[in-house]
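Below: one structure, written as structure tokens.
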Amino acid sequence: MKYNAVSEAKFSVGGVTRFYMPLLLQGFSQSLAYPLVAGIVTHGKLGVDALTAFSQGQMVMFMIGAIGGGLVTTGLVFAKTWMGYVAFKRLNALMMTALLAVQCVVAMPPFSDWIFSGLFNLSPELSRIASRTLLLGVLMNGFFFLRNVPMVVLFNNLESAKANYATIIRLAVTFALAVAFPRMGLVGPWWGLAALTFGVGVELAATWLFARPYVARLPNRSQAGEAKSLPSIPRLTLEQFRFTLPLSLGGFLLMLSPVAIAAFVGRTVDPKDMLAIHYVTLGVANPVAFAALRMQTVAIKFPPEYAGDRRLLAYAVAAGLLLGVVPLAFSTPLIGGWYFGTYQNVPPRIIGTARLAVGLYSLIAVVQAVRARVEGLAALAKRPKAIMAGQIAYTASLFAVCSILLPLGVPGWAMAVTAIFVAPICVTATIYAALALRGGK
């Protein structure tokens, strides 16, 4: 079945920028919430070690959630009519229920012991923090799944700004709690998780309020009492699930990458320091990378208009270079010294290394923006298997880099930086090759 776009858009620098800027800010601000609450976590009794456990618990949570990571892309492609929207809501609810159940099971022994004490080599105390973070994070992960539906509606109507407003509200709430909690003596991982969860809940409510008018205007919307006249909904749900399935497998493999990095870094010399550097620098690099990855949505909504149309590719490179200024600023003594030393409570002995690592991340946005653009092209061509192939290449190349560098005695932070650069380059090359082999344009 062919789905007509709710809103068609032609490329222009101004038009793309007006659509991308809210997405950029949304991706940046969403990831910014995590380093904000890190200040709550690291000022607890276990200091920066608690952040390691907290981050690894959340990392497993996001890895499970990544199995539904293709849902937003599926909604952008299919949920443009009333029936497509209803089928997408059903698919989203079914996958949310299944994956939250998996999260609860994995957070319990013996699975939690295998992951956090075994794979990550955490001490018993830190392992308990990580497993409880995973279990208590079920509510926040549920909010993320529920947010998929109104967010897709807004994106399909080119209302990325309104989705961004909801995220800004979330960020403001999280920032307020990040300031208030330590002053009230409410520090440690549980208060950090509470601040994150409350902020996401507020964002969900705001996104739904913004999206409601557009849901009412979806094409072919059924009237009250006509639910029985939609016999094709199960079929559409199955069609969407088949589209999502390769993306879901690929998303799982993609989110497995931080787990793999942590497992390798945790086995290098000075593992606590190396993991601390890895996580605090990702707190800066990830917002920039996620902002660059929003280029995938731009590529879907602004498709090529003629053979060889690479205007969006040039735009992606320029946007990535501008985004790279952010981690570069955090490598300076003034900003980096305050952020890593004062705010993140990083031990002085590793602040210099943290600044060096985050400076190296200044080009990661270019790599991720180019990768996101070709992923968007593959989604437009309804080639989810090409995207999955790229994500398999991501995981395989990351394992390969870490496996080569670990026996060579490379420091853990340098191993992580190298792998994080090489992996998205392999994604981009793989998807380009997959599209070319099957005649993609």
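The values are calculated or read from the model by the stated rules, or taken from the named source; none is laboratory data. Here the structure is a predicted model, which means the values were calculated and not measured. Note: ideal-geometry Cβ built from the backbone for every residue, glycine included; neighbour counts use all protein chains shown. Quick note on the areas: whole protein, heavy atoms, side chains included, nothing else; ligands and nucleic acids left out. Shrake-Rupley method; radii C 1.70, N 1.55, O 1.52, S 1.80 Å.
Worth a mention:
- Test: residue in the stretch 41-54 that is of a type in the set (Ser, Thr, Tyr) and at pLDDT 85 or above: no
- A count restricted to the stretch 341-381 and to residues that are open to solvent by less than 40 Å² (accessible area, probe 1.4 Å) and under 23 Å from the mean Cα position of the chain (by Cα) stands at 23.
- Unmet requirement for Tyr3, which otherwise passes all of (1) modelled with pLDDT under 80; (2) assigned to a helix (DSSP H, G or I); (3) open to solvent by 10 Å² or more (accessible area, probe 1.4 Å): (2)
Okay, residues lined up against (1) open to solvent by less than 10 Å² (accessible area, probe 1.4 Å); (2) among the basic types (Lys, Arg); (3) modelled with pLDDT of 90 or more:
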{"position": "Ala101", "(1), (2), (3)": "no, no, yes"}
{"position": "Pro110", "(1), (2), (3)": "no, no, yes"}
{"position": "Phe116", "(1), (2), (3)": "yes, no, no"}
{"position": "Pro124", "(1), (2), (3)": "no, no, no"}
{"position": "Leu136", "(1), (2), (3)": "no, no, yes"}
{"position": "Trp190", "(1), (2), (3)": "no, no, yes"}
{"position": "Ala194", "(1), (2), (3)": "no, no, yes"}
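- Filter result (within 16 Å of Ala79 (Cα to Cα), open to solvent by less than 30 Å² (accessible area, probe 1.4 Å) and at pLDDT 85 or above) within the stretch 214-273: Tyr214, Val215, Leu218, Leu236, Thr237, Gln240, Phe243, Thr244
- On the stretch given as the stretch 138-170, residues that are over 29 Å from Val102 (Cβ atoms) and open to solvent by 20 Å² or more (accessible area, probe 1.4 Å) total 8.
- Within the stretch 73-84, being in a helix (DSSP H, G or I) and either closer than 17 Å to Arg383 by Cβ or open to solvent by less than 10 Å² (accessible area, probe 1.4 Å) (or both) holds for Thr73, Thr74, Gly75, Leu76, Val77, Phe78, Gly84.
- Scope the stretch 160-183; condition of a type in the set (D, E, K, R) and in contact with a helix residue (DSSP H, G or I) (Cβ under 7 Å, 6 or more places away or on another chain); matching residues: Lys162, Arg170
- If only residues of the stretch 402-418 that are among the hydrophobic types (A, V, I, L, M, F, W, C) and in contact with a Phe, Trp or Tyr (Cβ under 9 Å, 6 or more places away or on another chain) are counted, the one that is nearest to Ala316 (Cα to Cα) is Val417.
- Filter result for Ile40 (closer than 23 Å to Ala262 by Cβ, assigned to a helix (DSSP H, G or I) and open to solvent by 10 Å² or more (accessible area, probe 1.4 Å)): no
- One residue stands out in the stretch 6-37 among those that are in a loop (DSSP other than H, G, I, E, B) and either closer than 19 Å to Tyr279 by Cβ or open to solvent by less than 30 Å² (accessible area, probe 1.4 Å) (or both): the one that is modelled with the highest pLDDT, namely Ala9.
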